[in-house]
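Notes follow the structure.
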Amino acid sequence: MQLDGVHHITCITADAQGNVDFYARVLGLRLVKKTVNFDAPDVYHLYYGDDAGAPGSILTFFEFPDAAPGRAGAGMIHRLRWRVGSREALGFWSERLGAEGVHVAPVDDAIRFTDPEGLALELAVVETDDEPLRARATDIPAEHALLGFDGVRAYGPGDELEDTELEDTVLTETMGFEMPGPGEYRLAGRRTATYGYDDPPAAVGLQGAGTVHHIAWCDRDAEHAAWRGRLAQAGERPTPVIDRQYFLSIYFREPRGVLFELATPSPGFAIDEDPEHLGEQLRLPPQYEHLRDRLEAALTPLPNPRAEAARS
């Protein structure tokens, strides 16, 4: 059994329109699915990614319009890291983001900045043989486009775990991460991914707009059910397998508190839309299709930047 890097990362926004503008227009990601939260159908669940909506490129947001600003703290992911192809790409993004009023901080072969709600982001030059997961945008040269996720940084709990070997055991022996250094982990499946811990700030974390809800690691379709048994045998408390329409999911919390998901690569985002027109229409889970008229009237209209550009 092997995990194949990041499947998706899910965050929280209080502003769906601003979210689409930043991630689809400014960062050039494709809005691959416009749907609703399975557990709260009155709010959006937005998916961004590369042109195909491939695992490893997917960033999703739950929209809660009344959500207060959040703050990453102990046991929470605090930074997302994408790959780019070169230092020239970093220069392009520094200029583009600066023109949007975004403060950019260079660090080694990377730049760091935040989205409009304070979520910490990083673009990094990463040498890899992985397939580049690139979205097509008319005003972003292909050689400078984002190329999929490299990984995330999380805050540890601050104090040592009661069992100092527990975290390493879950991530390495159970999940298959390599451990190049203390608090540093690397997956080496069909796609590579990094996961690391930093010391937490003094302030207690608050889940809210601009924070990460969970990270999903990509498993393999034929192994998904077996992962649940493996996690339970290792002393974790995984949920039952949950059908999320575009993938199957299992959730659990790793020992430092971060919510993990294992998600299948299939069936993918083209199951209910033409691949050429992903994200252009509101798609509803079958159990909510009877609510379409009410939901379409209540949800804020969200034009797809790619569709708008094609018409102009």
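Every number in this text was worked out from the coordinates using simple rules, so none of it is lab data. For clarity, every value in this text was computed on a predicted model and none was experimentally measured. Note that each Cβ is placed from the backbone with ideal geometry, even for glycine, and that neighbours are counted across all protein chains shown.
Backbone amide hydrogens, once placed in the peptide plane, bring residue 67 within less than 5 Å of nothing, excluding anything fewer than 5 places away on its chain.
Dividing the mean sequence gap of close Cα pairs (under 8 Å, 6+ apart) by how many residues region 100-219 holds gives a relative contact order of 21 percent.
Using the Cβ of residue 40 as centre and a radius below 15 Å, the other residues enclosed give a net charge of -2, where K and R count +1 and D and E count -1.
Each residue in 23, 288 was given a count of other beta-carbon atoms within 10 angstrom of its own, and listing them fewest first yields 288, 23. Counting 0.36 nm for each residue step from residue 199 to residue 108 and taking away their Cα separation leaves a gain of 30.7 nm.
Rounded if a/c is under 1.5, else prolate if a/b is larger than b/c, else oblate: which is region 239-287, with a ≥ b ≥ c the root eigenvalues of its Cα gyration tensor? Verdict is prolate for region 239-287.
Based only on other Cβ atoms within 10 Å, what is the fewest-to-most ordering of 294, 191?
Result, fewest neighbours first: 294, 191.
Once the Cα-Cα distance is subtracted from the 0.36 nm per residue extended length, the residue 42 to residue 294 segment shows a gain of 89.8 nm. With contacts taken as Cα pairs under 8 Å and at least 6 residues apart, the chain reaches a relative contact order of 26 percent.
Residue 88: net charge of surrounding residues, Cβ under 12 Å, Lys/Arg +1, Asp/Glu -1, itself excluded? Before the final figure, lay out each step's value.
Numbers: positive: 87; negative: 95, 109, 143.
Once all neighbours under 12 Å are counted, the net charge is -2.
Distance between the C-alpha centres of region 41-113 and region 195-247: 19 Å, rounded to the whole angstrom. For the chain, the alpha-carbon coordinates run over 58, 47, 39 Å along the three principal axes, in decreasing order.
Of all the options 73, 279, 189, the one that moves most in a Gaussian network model of the chain with Cα springs shorter than 10 angstrom is 189.
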